[in-house]
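J.: There's a structure below that I have some questions on.
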Amino acid sequence: MNKISFQDTHIYPGCLAIFNFRISLQSAIMLAVAEFSDGAVTNAEIEPLNAEEVVVYIDGYTTTKGTNISKKNWLLKYDNAQDIWKVVKKK
């Protein structure tokens, strides 16, 4: 299963993420599991825009401390120098 590991318990501009798979520009939508730093998980869909930008659709989830996070969409950009994805803004 494709997995995105976010480096915090929630997503915000500047948040970093690691994809354990390569983005396929041949796919309109790619399915994945989003995992957060506290171990919370939810479903995600990735829409590739180009080789360095994707929109990630994150289902709602609850952090391990009990905070409910609603469904949101985010633009991420790949940072080639650091080999990591960075959240740019809400979509």
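J.: Could you figure out which of (1) in contact (Cβ under 8 Å) with a residue 60 or more places away in the chain; (2) in contact with a Pro (Cβ under 8 Å, 6 or more places away or on another chain) isn't true of Ser27?
T.: (1)
J.: Please go through (1) closer than 13 Å to His10 by Cβ; (2) out of contact with any Asp or Glu (no Cβ under 6 Å at 6 or more places or on another chain) for Glu52 and return the number of the only condition it doesn't satisfy.
T.: The one condition Glu52 does not meet is (1).
J.: Here's another thing I want to ask about it. Just to be sure before I move on: is Ala28 at pLDDT below 95, of a type in the set (A, V, I, L, M) and over 10 Å from the mean Cα position of the chain (by Cα) in the structure I sent?
T.: Values: at pLDDT below 95: yes; of a type in the set (A, V, I, L, M): yes; over 10 Å from the mean Cα position of the chain (by Cα): yes.
Here the answer is yes, as Ala28 does meet what is asked.
J.: Given (1) surrounded by fewer than 16 Cβ atoms within 10 Å (Cβ to Cβ); (2) among the aromatic types (Phe, Trp, Tyr); (3) touching a residue at least 60 places away in the same chain (Cβ under 8 Å), identify the lone condition not met by Phe19.
T.: Failed condition: (1).
J.: Next question, about the same structure. Going by what's in this entry, would Ala40 be described as of a type in the set (Gly, Ala, Ser), modelled with pLDDT of 95 or more, surrounded by 14 or more Cβ atoms within 10 Å (Cβ to Cβ) and farther than 17 Å from Lys86 by Cα? Write out each step before concluding.
T.: Working: of a type in the set (Gly, Ala, Ser): yes; modelled with pLDDT of 95 or more: yes; surrounded by 14 or more Cβ atoms within 10 Å (Cβ to Cβ): yes; farther than 17 Å from Lys86 by Cα: yes.
It is true that Ala40 is of a type in the set (Gly, Ala, Ser), modelled with pLDDT of 95 or more, surrounded by 14 or more Cβ atoms within 10 Å (Cβ to Cβ) and farther than 17 Å from Lys86 by Cα.
J.: Looking only at residues that are small (Gly, Ala, Ser) and more than 17 Å from Ala28 (Cβ to Cβ) in the stretch 48-91, which one is surrounded by the most Cβ atoms within 10 Å (Cβ to Cβ)? It would help to see each step written out before you state the result.
T.: From the stretch 48-91, those small (Gly, Ala, Ser) are 51, 60, 66, 70, 81; that's our starting set.
From the residues that got through so far, the ones that are more than 17 Å from Ala28 (Cβ to Cβ) too are 60, 66, 70, 81.
Values: Gly60: 11, Gly66: 6, Ser70: 8, Ala81: 6.
Once the filter is applied, the top-ranked residue is Gly60.
J.: Next question. Any idea which residue in the stretch 62-91 is nearest to Phe19 (Cα to Cα), counting only those that are in a strand (DSSP E or B) and over 12 Å from the mean Cα position of the chain (by Cα)?
T.: Kept after step one, since they are in a strand (DSSP E or B), are these residues of the stretch 62-91: 62, 68-69, 72-79, 84-90.
Next, from what is left, pick out any that are over 12 Å from the mean Cα position of the chain (by Cα): 62, 68-69, 79.
Working: Thr62: 21, Asn68: 24, Ile69: 21, Asp79: 12 Å.
Among residues in the stretch 62-91 that are in a strand (DSSP E or B) and over 12 Å from the mean Cα position of the chain (by Cα), the one nearest to Phe19 (Cα to Cα) is Asp79.
J.: Can we say Met30 is more than 15 Å from Lys86 (Cα to Cα), hydrophobic (A, V, I, L, M, F, W, C) and surrounded by fewer than 12 Cβ atoms within 10 Å (Cβ to Cβ)?
T.: Values: more than 15 Å from Lys86 (Cα to Cα): yes; hydrophobic (A, V, I, L, M, F, W, C): yes; surrounded by fewer than 12 Cβ atoms within 10 Å (Cβ to Cβ): no.
Spelling it out, it is not the case that Met30 is more than 15 Å from Lys86 (Cα to Cα), hydrophobic (A, V, I, L, M, F, W, C) and surrounded by fewer than 12 Cβ atoms within 10 Å (Cβ to Cβ).
J.: With respect to Glu45, determine if the residue is closer than 19 Å to Lys91 by Cα, at pLDDT 95 or above, over 9 Å from the mean Cα position of the chain (by Cα) and surrounded by 13 or more Cβ atoms within 10 Å (Cβ to Cβ).
T.: Working: closer than 19 Å to Lys91 by Cα: yes; at pLDDT 95 or above: yes; over 9 Å from the mean Cα position of the chain (by Cα): no; surrounded by 13 or more Cβ atoms within 10 Å (Cβ to Cβ): yes.
Criteria not met by Glu45.
The values are calculated or read from the model by the stated rules, or taken from the named source; none is laboratory data. Worth saying up front: this structure is predicted, and the values here are computed from it rather than measured. As a convention, Cβ positions derive from the backbone with ideal geometry for all residues, glycine included, and neighbour counts pool all protein chains shown.
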